[in-house]
Amino acid sequence: MKMKELFDRGEFVVSAEVGPPKGIHVDELVEEAKTYLKDVHAVNVTDNQSSVMRLGSLAMCKVLKDAGMNPIFQLACRDRNRIALESDLLSAAMFGIDNILCLTGDHTKMGDHPQAKPVFDLDSVSLLHTVKLLEEGVDLGGNQLVGEPPKFSKGAVVSPCSDSVDAQLAKMERKVAAGAEYFQTQAVFEPEKFIKFMEKAKQFGKPVQVGIIIPKSAGMVKFMNNNVAGIHVPDEMIEELKADKERTKAGITGVEIAARIIKECKPYCQGVHIMALGWESKIPDLLKLAEI
């Protein structure tokens with residue numbers, strides 16, 4: 001089912017994120033998804049996340065769809081020009097993959113091929129515009145498509161805890177104007193900032209899923225504080241992760257923190273997007289503790 005249809009039905013939409021392997025063997029990922037993600041509405045498939053080369057998002061989406069899941073095709077502008085982006089969108093539609101998330105993408109210098117040339121022919125806003133054109137039966141070159149045009153549920157991202165809230169709201173407005181129908185946020189560790197952001201963002205009338213990362217350790221969240229834009233993990237949360245190393249190592253503390261954030265944010269959003277980062281096995285416990 002399309003994401004927009006789920007939101008329109010009034011569902012509190014739960015999605016989770018998986019990263020394709022650095023190789024061609026996907027059986028383990030599929031089995032884990034079938035086991036631990038059976039209660040989510042949709043599964044995001046990352047697109048060479050953090051500029052690390054992996055199996056393609058589109059291929060993994062097709063495998064998950066064939067296994068009975070509802071994939072969201074993440075599409076980044078870093079690695080493809082407009083021709084390749086349009087072609088991949090048509091390919092997704094042909095496979096029956098109609099949920100997409102449009103991203104600009106991290107710079108190649110951040111990944112495992114720092115010498116790779118970044119493309120960035122389009123950005124997330126112009127990619128959304130491109131999708132809308134394809135849905136109208138025309139490509140970016142002004143050429144007519146043959147036959148029935150594709151129809152997608154178009155998603156975008158926003159960083160509600162960024163230092164510059166006004167800049168994020170301006171980006172969100174541009175994405176809405178370009179055709180975004182729903183939003184997933186960067187990971188939230190400060191619910192009060194998210195709530196303030198949502199009070200302003202509700203003017204756009206688009207559903208928002210709060211982004212949630214299950215924190216694995218104090219070291220992990222310190223790294224995010226130093227290296228990931230738009231994320232700040234409060235000191236008291238870091239101390240909570242330090243307090244009982246065995247509980248933290250087992251994932252208990254991280255799940256408790258993530259569930260608490262979801263509960264605080266739930267009245268102000270329309271769904272949750274979980275980025276488990278290898279802890280997909282913790283998602284069922286998280287959803288139960290968060291009372292979703």
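The values are calculated or read from the model by the stated rules, or taken from the named source; none is laboratory data. Keep in mind the model is a prediction, meaning the values are calculated, not measured. A quick note on method: Cβ atoms are made from the backbone with ideal geometry, for glycine too, and the neighbour counts reach across all protein chains shown. Ligands, DNA and RNA are excluded from the accessible area calculation, which covers all protein heavy atoms including side chains. Shrake-Rupley method; radii C 1.70, N 1.55, O 1.52, S 1.80 Å.
Annotations
- Checked against (1) within 16 Å of the chain's Cα centre (by Cα); (2) open to solvent by 50 Å² or more (accessible area, probe 1.4 Å); (3) over 24 Å from residue 12 (Cα atoms); (4) modelled with pLDDT of 95 or more, residue 143 passes all but condition (1).
- Of all residues in region 35-62 being farther than 24 Å from residue 181 by Cβ and over 16 Å from the mean Cα position of the chain (by Cα), the one that is most open to solvent (accessible area, probe 1.4 Å): 38
- Scanning region 151-180 for residues being open to solvent by 40 Å² or more (accessible area, probe 1.4 Å) and touching a strand residue (DSSP E or B) at 6+ places or on another chain (Cβ under 8 Å) gives a total of 2.
- Hey, residue 121 touching a Lys or Arg at 6+ places or on another chain (Cβ under 6 Å) and open to solvent by 10 Å² or more (accessible area, probe 1.4 Å) or not: yes
- Selection count, region 87-110, where residues are buried (at least 23 other Cβ atoms within 10 Å of the Cβ) and modelled with pLDDT under 95: 1
- Any hit, region 265-276, residues being touching a Phe, Trp or Tyr at 6+ places or on another chain (Cβ under 9 Å) and part of a strand (DSSP E or B): yes
- Elements of type strands (runs of 3 or more DSSP E) contained in region 99-209, each with 3 or more residues being in contact with a Ser or Thr (Cβ under 6 Å, 6 or more places away or on another chain): 99-103
- Meets criteria (touching a residue at least 24 places away in the same chain (Cβ under 8 Å), under 16 Å from residue 56 (Cα atoms) and aromatic (Phe, Trp, Tyr)) for residue 95: yes
- The residues of region 63-81 that are part of a helix (DSSP H, G or I) and crowded, with 16+ Cβ neighbours inside 10 Å, listed by number, are 63, 64, 65.
- Of all the criteria given as (1) more than 28 Å from residue 270 (Cα to Cα); (2) surrounded by fewer than 18 Cβ atoms within 10 Å (Cβ to Cβ); (3) in contact (Cβ under 8 Å) with a residue 40 or more places away in the chain, the one not satisfied by residue 84 is (3).
- Residues (β-branched (Val, Ile, Thr) and open to solvent by 70 Å² or more (accessible area, probe 1.4 Å)) located in region 18-34: 24
- Within the set 216, 282, 245, the sole residue that is on the phi < 0 side of the Ramachandran plot and open to solvent by 70 Å² or more (accessible area, probe 1.4 Å) turns out to be 245.
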